[in-house]
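The values are calculated or read from the model by the stated rules, or taken from the named source; none is laboratory data. Computed from a predicted model, the values in this text were never measured in an experiment. Here the Cβ positions follow ideal geometry from the backbone for every residue, glycine too, while neighbour counts run over all protein chains shown.
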Amino acid sequence: MTAALTLEGVGKRYGEFQAVRDLSFEVGRGQICGFLGPNGAGKTSTLRMILGLQPATTGRIDILGADNGRKVRDRIGFLPEERGLYKKMTPVDAIAFFGSLKGVPTAEGRRRAKELLDAQGLGASKARKMKELSKGMAQKVQLIASIVHRPEFVILDEPFSGLDPVNQQGLEAMIRGLAADGATVLFSTHVMQHAERLCDKVVLLARGRKAFEGTVAEARATSRRFLELEGDIAAEAVSKLPGVTGVEISSELDGARVLRAALAAGAGGQEALKAAFLTGLDVRRFELREPTLHDAFIDLTGDHPDQDQSVSKPAEAAR
């Protein structure tokens, strides 16, 4: 597969602070790639280097055959984490305006805007002022504004931030639609569930370094299966079951304790469950769980992806 984006040994330093270290990965043309990590991992700094908004301190970047995103900016769509649309404009005017900045004639931009708004269920709102729209509607409008010029490569920085579940589903559908039309999509997020549903591949970043690159299935395969057991059970007793390598209390309410027991590689869980019953443990419910992308991230990086990792540095360096 031909690469739409290649990073080789890329690093970014802000004074004494190293935000990104020796980062290398590829995104193939037409792929949806999740760029994942906790806040402060270096995701936004990396996206800005790819776009040419700030220079890399070290390494090489190639995007659509250019060494700087600015050189191919008319072929790129970008949704920044910091949203911003003119509040007194209508959605049609706002989308057409952003399209004109990428070379789309105003009349054509307005035609495309109406078509895209109708496709996203926003046709009834296309003549309203931006300030009258809900946050979810405004975010859809801004995404449409970033793709109205039909870019080959779309970069989305935390696109799901602040959206309710219904609008998150709508945004996921838009991203799938972009890929179906042939665009390459790279989006950053610290919410693993979106990447799990959407991505052809993922790149996991932690403390400015790449922790993993591959498919979601490959990422999950790096983590362990686990048992969830509910009942009046001591964690120490569960830790002694065959195949169990670690135990944590998942929840505890009104005497109903749920324990999460990690299993050794290759352990199926049957021996642990058999031993639990033979030793008389008060197990009211049990479930064998396959690892999620969230589990894999924790195992690969030692971080919780939704944990705020920001530091006392310039705001751009903390991302």
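Just a few scattered comments:
- Looking only at residues in the range 182-197 that are out of contact with any Leu (no Cβ under 7 Å at 6 or more places or on another chain) and in a helix (DSSP H, G or I), the one that is surrounded by the most Cβ atoms within 10 Å (Cβ to Cβ) is 194.
- Residue that is surrounded by the most Cβ atoms within 10 Å (Cβ to Cβ) [pool: residues in the range 205-228 that are hydrophobic (A, V, I, L, M, F, W, C) and closer than 28 Å to residue 243 by Cα]: 219
- All of 179, 173, 145, 127 fail the test of being more than 22 Å from residue 36 (Cβ to Cβ) and part of a helix (DSSP H, G or I), apart from 145.
- Scanning the range 210-244 for residues that are among the β-branched types (Val, Ile, Thr) and touching a Lys or Arg at 6+ places or on another chain (Cβ under 7 Å) gives 215, 233.
- Positions within the range 121-153 being buried (at least 19 other Cβ atoms within 10 Å of the Cβ), touching a residue at least 60 places away in the same chain (Cβ under 8 Å) and not aliphatic (A, V, I, L, M), in sequence order: 142, 146, 149, 151, 153
- For first residues located in the range 275-288 and in contact (Cβ under 8 Å) with a residue 40 or more places away in the chain, partners that are in a loop (DSSP other than H, G, I, E, B) and lie 6+ apart or on another chain with Cβ distances below 7 Å form the pairs 276/241; 281/233; 282/233; 283/233; 288/225; 288/269.
- Residue 308 at pLDDT below 85, on the phi > 0 side of the Ramachandran plot, outside the structural domain of residue 40 (by TED's automatic domain parsing) and among the acidic types (Asp, Glu): no
- Enumeration of residues in the range 94-120 that are in contact (Cβ under 8 Å) with a residue 40 or more places away in the chain and not in a helix (DSSP H, G or I): 102, 103, 104, 120
Residues checked against (1) touching a Lys or Arg at 6+ places or on another chain (Cβ under 6 Å); (2) in a strand (DSSP E or B):
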site: 35; (1), (2): yes, yes
site: 44; (1), (2): yes, no
site: 48; (1), (2): no, no
site: 59; (1), (2): no, yes
site: 62; (1), (2): no, yes
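- Per-region count, the range 49-86, residues closer than 22 Å to residue 204 by Cβ, charged (D, E, K, R) and modelled with pLDDT under 95: 1
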